[in-house]
Each structure stands twice: as C-alpha cells, then as structure tokens.
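The structure under discussion is supplied below as structure tokens; questions concerning it will follow.
The values are calculated or read from the model by the stated rules, or taken from the named source; none is laboratory data. Worth saying up front: this structure is predicted, and the values here are computed from it rather than measured. Neighbour counts are summed over all protein chains in view; Cβ atoms, including those assigned to glycine, are modelled from backbone coordinates with ideal geometry. Surface areas here come from the heavy atoms of the whole protein model, side chains and all, with no ligands, DNA or RNA. Shrake-Rupley method; radii C 1.70, N 1.55, O 1.52, S 1.80 Å.
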Amino acid sequence: MIRFENVSVTYDGATEPTVQGVDFEVPEGELVLLVGPSGVGKSTVLGAVSGLVPHFTGGTLRGRVTVAGRDTRTHKPRELADVVGTVGQDPLSHFVTDTVEDELAYGMESLGLAPDVMRRRVEETLDLLGLTDLRDRPISTLSGGQQQRVAIGSVLTPHPRVLVLDEPTSALDPAAAEEVLAVLQRLVHDLGTTVLMAEHRLERVIHYADQLVLLPSPGEAPVLGTPAEVMAVSPVYPPVVALGRLAGWSPLPLTIRDARRKAADLRHRLEARDEIAPKRRGELRDQPQQTRSRQHSTPPTPLGERTTHRRWFKRRRTPTTPTTPHAAEVRALAVTRDHVQALRHIDLTVAHGETIAVMGRNGAGKSTLLNTLVGLTKPSAGSVTLGGAVGLVPQEPRDLLYADTVAAECTTADADANAAPGTCRTLVSELLPDIPDDTHPRDLSEGQRLTLALAVVLTARPALLLLDEPTRGLDYAAKARLVALLRTLAAEGHSIVLATHDVELAAELAHRVVLLADGEVIADGPAADVVVASPSFAPQVAKILAPQKWLTVAEVREALT
C-alpha cells in the first residue's frame, strides 16, 4: 500500500539529508510504527506519504514514494486526500471550522459525499471517539486532548485507505489513548485500513504494531522488523522492555501480561530488598537549609497584583503583603468558563521544593488550574496566593516562541530575565544537544519546540514552575534529561507543578499526585500510593511488580545492586 524506494529528503539550506536510504513497504491492512530518537526524521517520513514533503515543506526528495500506486512526486496532497488521512503533531493547525461536528464533516464535504452518508459517518465517529457530548462545542473551548481526538476523527470520517498519524496519543489521557488505539486496531483488522504512525510513548502502542521501522539516527538507513526484533536493538524502548533487559528475560516482553508471567523470581528478589527501597518516596527530598530559607523569604504575589508579561513568567511588581510559608496556596478555587464549571472548590498547597503531578482525564481541569495559578484565567471564586515568581510552559510552545532563530530566542530570554548572556543557550544545549543557533523554531519537532520553550522559561529561574504536558514529542533520552534537570531544580528549592498524562514521568518525578475529575480533586497523596491504586495511572513497572510498590526501572536497578 505504501512503498518507499531509496528515499532521501534534503531541506533547503541543509548540508546533509534529514533522512536517507529509506526503503521499506507497508502492506495493506497493517499497523506499522515508526520509532527512533527525537530529530531523526520521523515526521519527514510521514510527510512524504501524504505529499506534504516536499510540496509544502520545500526541499528535495530523491527516490520514490507511492501510495496505492500514486507517486507522491507527481500527486500533490489534495490529489491524495481521498486515499490518505493525516494528523500531525499540532492538531490546531489542521482545523478549518469552528465546531466539533462541522470539523468532522468538512473532509467529506470536500470530497463531495452525499449528505446522508456524511450524517451517518459523523455519528459513528462521535461514538467511536467518545465525542458525542462535545458535538456542538466550539473547538477553541476544548482541552488539548479533546482537540486531538477531534483531529483524529476528522480524518476518519472520509474512510481513507491509509492513515498517517504523528504522535496521535501525546495529548490524551491513558483511557482516551486506549480508546483511540482500539479504534485504529479495529480499522486495521476489520476494514483493512493501513496505518503508519510515529509515537514516542511506546508503552502505549508497541503491542498494537505489526511491524516497527526504526530510524536509529539522522540520515541512517532504517531497520525493519517485528516489534520484538527491533526492540532488541533499538536505542529507544518502553519501561517494560527496559525491565526485561535488566532482568535478562528472553524473549523480551512487550506487554504487561507477558512481563508479569516472567516476574515471579524478580518480585521475590525485590521483596528481600524492600528495606532499601526509597523510604521517603512521596515526601520532599532533602534540601539544603539555606535554600529553603531563601525561598521562604520571597514575598508572595496575590493574584490581583500580578503583572502579565508577554512571556507570562516575568513579574515586575514587588508586593507588600505578608509572606506565605508556601510556594502557592489555593483556597476554595472555582473557575467558570463559557458557562462550564471548569474547577470546583480546589484546595491545594504547594511546598517549596515540592514536585506535584496533576493528572486526570482530558477536560478534567488540569490546564485551567495551571492557567489560574499563573494569572491567565480569572477565578470565579476563591483565592490564589504565590510565594514568588511563577513561570508557565504551555502545551502550545508557539505561544512563547516568536523569534526567527534559536539564538534570537535565547538572547531575548536572557534580556527578559536579566540573566547573564548565554544562560538560556546553555540550558538549550543541555536539553537539546546539537541544535544549531540558526535553526528556526518552526523547523524543530514538536518535542524540541516544547523543550526550547522550557529553556526560555527556566532562564528566569521562577520559584514556581508550571508545566503543561512537558513530555509531548519527547523521546526517552530527552525525557531523562528533562527529569534530571527538574530534580535539580526541586533540590534547589524550586517548586514544580506539572499537568501530565505521562504516568511514567509522574512515577519518575512526583512527590505527590493530585487527581482531578470534572474540576474536583478526587485524590491527593504520595505518588506511590495514588498511582499504584489507579489502574489507569499506574506506570508499567508498578503493574508488573504489584503488589510491591516499585514505580521505575531505576528504583529496581538500585535495589538489585
């Protein structure tokens, strides 16, 4: 169905191809997963299937890509629209209508389908993706995860023979991700739809794939094989595979069920070492007393006295109100937006040096809570008091990035934060190795743009750092670098609140987990207690080794040494 024949793509101004030697075939009715570290060209390969590369992106494509017998060099994207449905990393860039139902119908209208066919398919897709209650909602009022489901639905309604998906579950909560992937599997198995998908959260998708295509590094030829074959040599792999490698299991398990069948001996070994398991997981890690004192002496900024700057995290006014002993205090907070109760009676205290993961299904109110903490959303009731400057990294990095190059973004960030020249660029180099100064932010992957936005915000060293889905588009290596940096900040006394669907990130980083549902707090406690008790939000290691409360491969490795 999809055929790559010795394909290479070189973008204008680049000295080396972004991808080269790409030669593989995706048979009809299979789900093939494209994997590899960030920046190796996965989005370029996907774009070549729909014709976006090179017709819209520019550059030079050598070799040949055919889809259902059509050569993408001679067929532009609109001439492939009846065959290929595409959802990119940024669903907002694809929307052309205002409401959910209209967006689902738009693609079929463009193809001239009959009204009765369109009506039936819209209803089917609303049911498939759990969007029925949102059919009349303006897309602009939806959460990021809800928008992603609408974007996926908009390409399902025309019934394309090929689906090309770039990070389709990155903004979805675990339950919604399972629903979407189950729909894709049904399309593959029952209707013969061909799916080519890139996804960094391999723990969610690898067991659905028929084949894996590994792009090991930029410009290197891909490796094609079964999931088990590729995972044995891949530089990126999910926690279940990492645990299998640590335990020496062969063949490597790809699912929780397979791993649990092999884990009896490992659980027995860990039970004997339980006394050296992290004793204070879920509590604040040790911090230097000097750092604590400095953070506590920072005067608070009540919500009504904060000054909004174009980079959100910058605060210029020095308040004169009494000092709060916490990084943030939220009391009886309620928020109503567009006649929808987004938050209800939220009470939350954030200690200095504490890392809190705010979790819950799409639309639960996570982003609203962060936006209220930073002052972008006004409370309907209650109060928010901060103990110092606050910085927010939003889901959409373009809200913070407006310069033409990475170097210009960093120079502006240094000036805005009154930081020493080179401060931001050092952070970028730490988080994004090998990114040239003259790279335009739009030429970065979604994960790379998010990381650049994080470096911009961190340049100001805010006392309270707010992160909204900070691992979207990040591979495991990039996530590990992010975790290391955030742990260092927490140890220095900075407080971190992150809204995330990434259960593995919460397991690695969070002292506490706060679960939201319909705008209310339904659980608030130590990470191990909250996530292990939740089938949806438990990390892979916890599921494999339950009833023991191990959360990460790193914890297991430390216990075994």
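Might you report the magnitude of the Cβ-based charge dipole of the chain about its Cα centre, with Lys and Arg at +1 and Asp and Glu at -1, to the nearest 20 debye?
Here the size comes out at about 1360 debye.
Please report the net charge: other residues with Cβ closer than 13 Å to the Cβ of Glu123, K and R +1, D and E -1.
Spelling it out: positives minus negatives among the neighbours equals 0.
Using packing as a proxy for protection, rank 350-360, 69-79 so that the peptide with the highest average count of other Cβ atoms within 10 Å comes first.
350-360, 69-79
Now for a different question. Measure off 7 Å from each Cα along the Cα-to-Cβ vector at Ile522 and Arg269, then give the distance between these two points in nanometres to one decimal.
3.7
Still on this structure, I have one more. Debye calculation, C-alpha points only, no solvent: report log10 I(q)/I(0) for the chain at q = 0.05, 0.07, 0.12 Å⁻¹, in the same order as the q values.
Summing over Cα pairs of the chain leads to -0.21, -0.41, -1.26.
Using the Cα centre of segment 37-95 as the reference point, and only Cβ charges (+1 on K/R, -1 on D/E), how large is the resulting charge dipole? Debye, rounded to the nearest 20.
Using Cβ point charges on Lys, Arg, Asp and Glu, segment 37-95 gives about 220 debye.
Between Thr74 and Ala232, how high is the FRET efficiency from 1/(1 + (r/R0)^6) when r is the Cβ-Cβ distance and R₀ = 56 Å? Nearest 0.05.
According to the calculation, E is roughly 0.90.
Hey, another quick one. Give me the one-decimal nm value for the distance between modelled label points at Thr349 and Ser110, 7 Å along each residue's Cα-to-Cβ direction.
Each label point lies 7 Å from its Cα, and together they span 5.3 nm.
Moving on to the next point. Using +1 at the C-beta of Lys and Arg and -1 at the C-beta of Asp and Glu, which of Val32, Leu458, Pro115 has the Cα lying farthest in the positive direction of the dipole of the chain?
Leu458
Okay, moving on. Please report the projected area of segment 114-182's Cα convex hull averaged over all directions, in nm².
5.0
Next up: Which length gain, in nm to one decimal place, applies between Arg245 and Ser380 when the Cα-Cα distance is subtracted from 0.36 nm times their residue separation?
43.5 nm
Sticking with this structure for a sec: Just to compare against my own numbers: the Cα pair-distance distribution for segment 201-248, 5 Å bins, whole % per bin, please.
For segment 201-248, the binned pair fractions read 5, 21, 31, 24, 14, 4, 1 percent.
On the accessible surface of segment 457-561, probed at 1.4 Å, how many percent belong to carbon and sulfur atoms?
56
Taking only protein heavy atoms into account and a 1.4 Å probe, give the accessible area per residue of segment 185-241 in Å².
35
Output the antiparallel fraction of DSSP beta bridges having both residues in the chain, as a percent to the nearest 5.
Roughly 55 percent of the DSSP beta bridges within the chain come out antiparallel.
I would also like to ask the following. For segment 392-525, what is the convex hull (Cα atoms) projected area averaged across all directions, in square nanometres?
The number I arrive at for segment 392-525 is 8.3 nm².
Right, next: Rounded to a whole number of µm²/s, how large is the Stokes-Einstein D of segment 1-147 at 37 °C and 0.692 mPa s, given Rh as the Kirkwood radius over C-alpha pairs?
Value of D from the Cα-based Kirkwood radius: 191 µm²/s.
Hey, another quick one. Gain in length, Ala221 to Ala420, computed as 0.36 nm per residue apart minus the alpha-carbon separation, to one decimal in nm?
Net length gain for the segment: 67.5 nm.
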